[in-house]
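These notes are about the structure you will find just below.
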């Protein structure tokens, strides 16, 4: 089986970007090990701190963030890094070519109950000489990404990644400590009868989203004419992975709880990288009104409504919003 580095070389990835991706994987393998140790490693439970998002940090949020941050700022090809857990972007090497943003541990509320969590990452090219501790250099739309991926820490540790030439799935071979190619050219089915959404927020949704979900719940007798199943894992990585394997649609729409926030999920750490993966696999992603990767960020921590997955189902949701 092909190892990750060989696949990157075959896809024409240059040696600098290859080394950046390799360092991300080094940190992720360490995170996978610590997760596997669980309470034996003393990594369960929450800290007394909140991150910039106003969320209570889990101990492993902090550990995962530090692992990724420390290895990437030491990489000679990284200009800077941006993390969901950091207030500001952090400078790497002044002449580094790449910018890396990441959610170090998506779904971290699942850690203490031993459910799936993951790491999401996005890589951009620096467009000018602006240093990496100035967030302005990061403010590019998702179409500018040169690579995006996630690592899912489940029964096995999986890497799903794209460099703009389709989506491949790698499995961590713990015998050799390397990610090896196990599925090539993932494709999302265009149609689905499965949706994932947090129904507890329904009263805060816009009328268009409420109507779409109401129509789904009516099944064969409703205007959509089929019976839907609902799933919810509370981990975007796990939700998107299920969609890549068997189709579906994932939604975290705008809601009215805080009118100052466009949505719950972060554009640069979650929306853009997952959208690149989904689109490269033949799916679609939208805010409900425009493609997520066309959104121009104003700040490193911008939020965005998210609707992504099987192409034809995403189109239905967009049609409701029109």
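Bear in mind these aren't lab numbers, they're just calculated from the coordinates by the rules spelled out. Everything numeric here is computed off the predicted structure, so don't read it as measured data. No Cβ is skipped: glycine too gets one built from the backbone with ideal geometry, and neighbour counts run over all protein chains shown.
List of remarks:
- C-alpha long axis of helix 311-321 to longest principal axis of the chain, angle in °: 60 degrees
- Between the Cα long axis of helix 207-217 and the first principal axis of the chain there is an angle of about 80°, rounded to the nearest 10.
- Share, in percent, of DSSP beta bridges within the stretch 194-321 that are antiparallel, nearest 5: 65 percent
- Full extension of the segment from residue 26 to residue 2, taken as 0.36 nm per residue of separation minus the current Cα-Cα distance, would add 6.9 nm.
- Cβ-derived FRET efficiency at R0 45 Å, residue 74 paired with residue 290, nearest 0.05: 0.75
- Between the stretch 103-142 and the stretch 245-322, the C-alpha centres lie 16 angstrom from each other.
- Cα-based convex hull volume of the stretch 4-183 per residue, rounded to whole Å³: 113 Å³
- Fluctuation leader among 115, 72, 217 - the chain, Gaussian network, Cα springs under 10 angstrom: 217
- On Cα atoms only, tilt of 236-246 relative to the major axis of the chain in degrees: 70 degrees
- With a Förster radius of 41 Å applied to the C-beta separation of residue 246 and residue 129, the computed FRET efficiency comes to 0.35.
- With a simple spin-label model that places each label point 7 Å from the Cα along the Cα-to-Cβ direction, the separation between residue 206 and residue 322 comes to 1.4 nm.
- Normalised convex hull volume, the stretch 78-213, alpha-carbon set, Å³ per residue: 188 Å³
- Value in Å of the Kirkwood radius, where the stretch 207-322 supplies the Cα pairs that are averaged: 14.5 Å
- The tail of the calculated P(r) for the stretch 57-153, taken as Cα-Cα distances beyond 17 Å, holds 49 percent of the pairs.
- Relative contact order of the chain, taken over Cα pairs closer than 8 Å and 6 or more residues apart, is 16 percent.
- Stretchable slack from residue 221 to residue 184, in nm (0.36 nm times residue separation minus alpha-carbon distance): 9.5 nm
- Counting all C-alpha pairs of the chain, share separated by more than 38 Å (%): 10 percent
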